[in-house]
Amino acid sequence: KSGMHLVCYCDDCRAFAHALERADILDGAGGSELLVTTPSTLALTAGMDQLRCLRLSPKGMLRWYWDCCNTPLANTSPGAGLPFLSIHRAFIDVDDSALLGTPIRVQACHAKGPVPAPAERTTSLPTMLKIVAFLFSGWVRRAHQPNALFADGKPVVAPRVLSAAERDALRAVD
């Protein structure tokens with residue numbers, strides 16, 4: 001109840017999985033299952049020495065993972081002020097997927113195979129409005145704090161930024 005359950009089929013989500021050599025976290029059509037929530041919902045109690053951050057471009061979102069096992073953690077905005085955190089399903093230890101709710105499938109135009117219905121070709125206006133309302137609510141509640149992935153407004157680890165050639169090569173994998 002503290003977020004939105006999405007499956008994103010965009011090239012960048014898929015490229016991140018390929019960067020980690022974790023195509024196993026993608027569904028059959030290449031989608032990444034995510035729980036969009038706020039940074040204040042996440043507490044990290046171990047593994048900070050293995051925490052890494054990747055950016056697919058100099059202005060892209062931050063994509064967090066553990067280097068020891070290439071397990072994706074979450075995506076965040078580049079700065080600490082936005083109350084946005086999308087946690088990868090591969091990181092969530094929930095036996096009953098129904099607890100997360102029915103996912104909204106977005107960016108289906110980039111899928112690598114048939115996508116279960118219903119699916120949005122891009123991201124629909126109603127879904128975008130839900131996301132904006134969620135961010136506004138988080139901003140009002142100051143839910144960007146505490147933030148386990150930022151200290152003094154900066155990422156707790158320096159992001160590795162891929163070159164355009166590296167990113168394009170990852171997008172071509174499939």
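In table form, for the structure just shown:
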{"item": "Dimensionless Rg/Rh of region 91-139 - Kirkwood Rh, Rg from C-alpha atoms", "result": "1.04"}
{"item": "Gap separating the Cα centres of region 19-59 and region 110-164, nearest whole Å", "result": "11 Å"}
{"item": "Apportionment of accessible area to carbon and sulfur, region 1-98, percent (1.4 Å)", "result": "50 percent"}
{"item": "Value of relative contact order over the chain, rounded to a whole percent, pairs C-alpha under 8 Å and six or more apart", "result": "31 percent"}
{"item": "Spatially near lysine pairs across the chain, Cα under 27 Å, sequence gap of 8 or more or different chains", "result": "5"}
{"item": "For the chain, the fraction of alpha-carbon pairs in successive 5 Å shells from zero, as %", "result": "1, 8, 17, 21, 22, 17, 10, 3, 0"}
{"item": "Charge dipole magnitude, Cβ of K and R +1, D and E -1 - the chain, Cα centre, debye nearest 20", "result": "600 debye"}
{"item": "Whole-number accessible area per residue in Å² for the chain, which is evaluated in the context of all protein chains at 1.4 Å", "result": "52 Å²"}
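The values are calculated or read from the model by the stated rules, or taken from the named source; none is laboratory data. Given the structure is predicted, the values throughout are model-derived calculations rather than measurements. Glycine also receives a Cβ, built like all others from the backbone with ideal geometry; neighbour counts cover every protein chain displayed. Just so you know, the surface numbers come from the protein's heavy atoms only, side chains and all, with ligands and any DNA or RNA stripped out. Shrake-Rupley method; radii C 1.70, N 1.55, O 1.52, S 1.80 Å.
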